[in-house]
Amino acid sequence: MMQTKLYDLIELAKEPSSERRRELLRQVTDLFFAGPEAHPPGEMALFDDVLTQLSSEMEEAVRADLAERMADTAAPPRRLLRGLASDALAVAKPVLTRSSALTEDDLLRVARTRGQEHLRAISLRVVVPEAVSDAIVARGDDATLSVLLRNDGAALSRAAHEAAVDRAAVNPDLHEAVVDRHSLPPDLLNEMYFVVEARLRDRILAKNAELDPAHLDAALASGRKRVAARDGALPPDYAKAEAAVRALKASGGVGPSTLAAFLRNGETTKFLVALSELADVDFHTARRILDRRELDALAIICKAADFDRSLFLTFAVLILGRDDNAMGRAREYGQLYSELPRDAAARTIRFWRMRRQTGDVAAA
């Protein structure tokens, strides 16, 4: 019975009037939805042919209405659906964001060929397969990447997460989306510590405090190779400073007070070598903290190493140097030091120690 009605409507398709053909499209669409949820194969093929042909002749607004109706259909005509997904954004968006009938291959085809607005529409889906997410990361601009990262239903590979972190390192607009990413590997999360603002650093510390020890060990193992590749060159006086510090250590002469003396005397490399030894972090991390005067990061190191608060404050004043408000800022960081949970500091420092462990393996 339905096929008879459909053939009758197909005969009407010979009408040249665009208004008549628009009405015909509506009737065929109504007939499709009036039938069973799963049309027989032959009947579905007829619907697919007719709807695809008729919709291609209609203006965008009509195609957009059709896409809205098809977006939530469990079994829409396949060729029609793929055509709607690749259409102009107003047509494609409801299908790309909502249709469960689009396959991974369908989504990949759009992600690899269409523009940023189509990529953002795909990024809003309840579930985005890993391969599709990776294609979006590869082709998407930062605005698109931000939409994808904020969707916890989007699965990203390790490589895609690394690419997101690399891009966030040079674009503050991505910082929050990356830090708040539920599935971001912990070692990559901690790479963000040195580039984000204070409120986001607090979120990183909070996540570290909640991290399961087993997950922490796995994350450390995953990040070692990436971290090793990023270590910078050593300063010219490194070998001499390292020899001096090791000589002092052998004679029992390296302690917290020695660190303060190195800073006062302007022996920066010796200070960094000694800090690396006593706090068990790598030289490059210690150097970055000192160069950027990252006192909150220094507080984490000192807390994890169980240094006295007074020693940390001494470091803070010496590092701030000629800063007009050195004492005021030191007090502020002293409060931070007091409130910082040692457990959170210890978990965070393990990611920074990852660099030292990698360097030791390379030297062995």
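The values are calculated or read from the model by the stated rules, or taken from the named source; none is laboratory data. Because the structure is predicted, anything quoted here is derived from the model rather than measured. As a convention, Cβ positions derive from the backbone with ideal geometry for all residues, glycine included, and neighbour counts pool all protein chains shown.
Structure data summary
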{"quantity": "Members of the range 207-216 found to be surrounded by 11 or more Cβ atoms within 10 Å (Cβ to Cβ) and either modelled with pLDDT of 85 or more or in a helix (DSSP H, G or I) (or both), listed by number", "calculated": "LYS207, ASN208, ALA209, HIS215, LEU216"}
{"quantity": "Residues of the range 98-139 that turn out to be among the acidic types (Asp, Glu) and out of contact with any Ser or Thr (no Cβ under 6 Å at 6 or more places or on another chain), as a count", "calculated": "4"}
{"quantity": "Residue selected from the range 286-345 under the condition on the phi > 0 side of the Ramachandran plot and at pLDDT 85 or above, by the criterion surrounded by the fewest Cβ atoms within 10 Å (Cβ to Cβ)", "calculated": "ASP306"}
{"quantity": "For LYS270: the one exception among (1) surrounded by fewer than 16 Cβ atoms within 10 Å (Cβ to Cβ); (2) modelled with pLDDT of 90 or more", "calculated": "(1)"}
{"quantity": "When residues of the range 232-250 are limited to those that are over 21 Å from ALA305 (Cβ atoms) and either modelled with pLDDT under 85 or charged (D, E, K, R) (or both), the one surrounded by the fewest Cβ atoms within 10 Å (Cβ to Cβ)", "calculated": "ALA233"}
{"quantity": "All helices (runs of 4 or more DSSP H) inside the range 62-166 with 1 or more residues being touching a Pro at 6+ places or on another chain (Cβ under 7 Å) and modelled with pLDDT of 95 or more", "calculated": "104-113"}
{"quantity": "Every pair of residues 6+ apart whose Cβ atoms lie under 7 Å, when the first sits in the range 259-280 and is under 16 Å from ARG292 (Cα atoms) while the second is not in a helix (DSSP H, G or I)", "calculated": "THR269/PRO235; THR269/ASP237"}
{"quantity": "Candidate set: the range 30-41, residues that are touching a Ser or Thr at 6+ places or on another chain (Cβ under 9 Å) and either aromatic (Phe, Trp, Tyr) or modelled with pLDDT of 85 or more (or both); chosen: the one farthest from THR73 (Cα to Cα)", "calculated": "PHE32"}
{"quantity": "Subset tally (residues that are surrounded by fewer than 22 Cβ atoms within 10 Å (Cβ to Cβ) and of a type in the set (A, V, I, L, M, F, W, C)) for the range 72-109", "calculated": "7"}
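Every residue, every condition in (1) among the β-branched types (Val, Ile, Thr); (2) buried (at least 17 other Cβ atoms within 10 Å of the Cβ), yes or no:
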site	(1), (2)
LEU124	no, yes
ALA135	no, yes
THR144	yes, yes
LEU149	no, yes
SER157	no, no
HIS161	no, yes
